[in-house]
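These notes concern the structure reproduced below.
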Amino acid sequence: MRKLIVQQWVTLDGVVAEEDGGLGFVNVRPFAETSDPAYAEALLGLIEPVDTLILGARTYAQSTGWATAEGQGEYGDRLNRMAKVVASTTLTEAPWGDFPAATITADPVATVRELKRQPGRDLWLFGSLTLMRTLLEAGEVDQFQLLVCPVGWGSGTRLFEDRRELELLDTAGFSTGVVIQKYAVVN
């Protein structure tokens, strides 16, 4: 059965979004010419096991630039070719540049459950905190991939609103200061 993997940028003190929803604490450009090659390779490896990207409506609106972004190389190519699902009760269409449009769902829990039963690679939810929390509460999140930035932010939206038990699967640090931590959700 397919897994739902959630990927979040996070500060050392657990902040995943600034007060305005931004990610100003992310201070690395993984695919710039000056990037740590091991870091760029690790990010590419994070999306290797997935074939479907799931987004909330706001994250979708912020992410459509990937369809036309230059300089993203193989990562951008893979991301653009993935099937996409957008959770929204207001969108009527979700284009992705010259690539196939995203499917829209008003019931993301039912959609994820159905996708998990279908053959294919794992599912990937990027950002989309409200959607992440809905799917976590429904017991559909199987794994977290946290990209921990070397900064304490102090205030903002925290990853978890309550206690969560996780099992460490893997961790890797890079010269960028970012540490990638993978956790299984313990239900």
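The values are calculated or read from the model by the stated rules, or taken from the named source; none is laboratory data. Note that the coordinates shown come from a computational prediction; the quantities given were computed from them, not determined experimentally. Virtual Cβ from ideal backbone geometry, glycine too; neighbours counted across all protein chains shown.
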Exercise. So, in the range 128-172, of the ones that are free of Cβ contacts under 8 Å to residues at least 60 places away in the same chain and part of a strand (DSSP E or B), which residue ends up nearest to Asp107 (Cα to Cα)?
Worked result: Leu166
Exercise. Of all residues in the range 173-183, which are under 20 Å from Ser128 (Cβ atoms) and either free of Cβ contacts under 8 Å to residues at least 40 places away in the same chain or surrounded by fewer than 15 Cβ atoms within 10 Å (Cβ to Cβ) (or both)?
Worked result: Gln181, Lys182
Problem set entry | Selection count, the range 173-187, where residues are farther than 20 Å from Leu46 by Cα and in a strand (DSSP E or B) | 0
Exercise. Which one of the conditions (1) among the hydrophobic types (A, V, I, L, M, F, W, C); (2) within 25 Å of Thr134 (Cα to Cα); (3) touching a Gly at 6+ places or on another chain (Cβ under 7 Å) does Ala69 fail to meet, given that it meets all the rest?
Worked result: (2)
Seminar exercise, completed: So the strands (runs of 3 or more DSSP E) completely within the range 1-119 holding 1 or more residues that are within 16 Å of the chain's Cα centre (by Cα) and either surrounded by 16 or more Cβ atoms within 10 Å (Cβ to Cβ) or not hydroxyl-bearing (Ser, Thr, Tyr) (or both) are 4-11, 15-17, 50-56, 83-87
Exercise. Would you call Leu159 hydrophobic (A, V, I, L, M, F, W, C) and either modelled with pLDDT under 95 or surrounded by 18 or more Cβ atoms within 10 Å (Cβ to Cβ) (or both)?
Worked result: yes
